[in-house]
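**Student:** I have a structure I would like to understand better, so I am pasting it below and will then ask my questions one at a time.
The numbers here are math on the coordinates, done by the rules we state, and not lab data. None of these values were measured; they are calculated from a predicted model. Heads up, the Cβs are rebuilt from the backbone with ideal geometry, glycines too, and the neighbour counts pull from every protein chain shown.
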């Protein structure tokens, strides 16, 4: 099996899956006083929320969240949780941004997909000095992709958190590593994912980083969200990717780095 990713069927398929329209039609979601969309919502869900007295109103083909934005989004999030529209309540706030990236409000993490709100993530691909690649197996009790293989570290960027801070936090929590222990840490690209998921529509921009984990240092999970870690050489990595054993996001990220020659045989 070749080591390049350029013509790999699994990468082509992953890229198609990462740019998919919603299964059901969705209406634009707006914040009162702001012209650009912040997300999208299924019309039937919006009608139900509005009928229940939530601060949401129709405007032509869009739905507008009433001011004040923070209180209104919090009320809508709680209702979605009570109706079991979203996954388990995380008590974590994610930023709600306009098209320019300016923060407008925040939203409970578990309802972001139901409201089609863009999320932002940071992933770290770690390799050994010999060119093997570290993967983590996600815990089997994870709500999303349980037991699937993922990059060494990956997670969402929280409200009032920079990309660098989020990457450092996730690296400590998931792998028990400090960024200062790693060699050659560098930004390696950005991945965009637009696809339907079980709890709504996923719109996510992922900042991708790569670093070398020095010899003698191994990742150790700290937060209970990782089943185990494994390092793979080039052929084994391709085999796992081709088998569909990795998350879609990890497949896209690893495929990108393989294409660019940032990981793989030395």
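**Student:** Would you confirm whether any residue within the range 238-253 is closer than 18 Å to residue 17 by Cβ and either part of a strand (DSSP E or B) or without any contact (Cβ under 8 Å) to a residue 40 or more places away in the chain (or both)?
**Tutor:** Yes, the conditions are met somewhere in the range 238-253.
**Student:** Do you know which of the residues in the range 205-221 that are surrounded by fewer than 19 Cβ atoms within 10 Å (Cβ to Cβ) and in contact (Cβ under 8 Å) with a residue 12 or more places away in the chain is nearest to residue 184 (Cα to Cα)?
**Tutor:** 212
**Student:** Would you mind finding the one in 224, 261 that is without any contact (Cβ under 8 Å) to a residue 12 or more places away in the chain, part of a loop (DSSP other than H, G, I, E, B) and either under 18 Å from the mean Cα position of the chain (by Cα) or surrounded by fewer than 20 Cβ atoms within 10 Å (Cβ to Cβ) (or both)?
**Tutor:** On inspection, the qualifying residue turns out to be 261.
**Student:** With closer than 24 Å to residue 195 by Cβ, without any contact (Cβ under 8 Å) to a residue 60 or more places away in the chain and out of contact with any helix residue (DSSP H, G or I) (no Cβ under 9 Å at 6 or more places or on another chain) as the only criterion, which of 101, 116 stands out?
**Tutor:** Within the list 101, 116, the selection yields 101.
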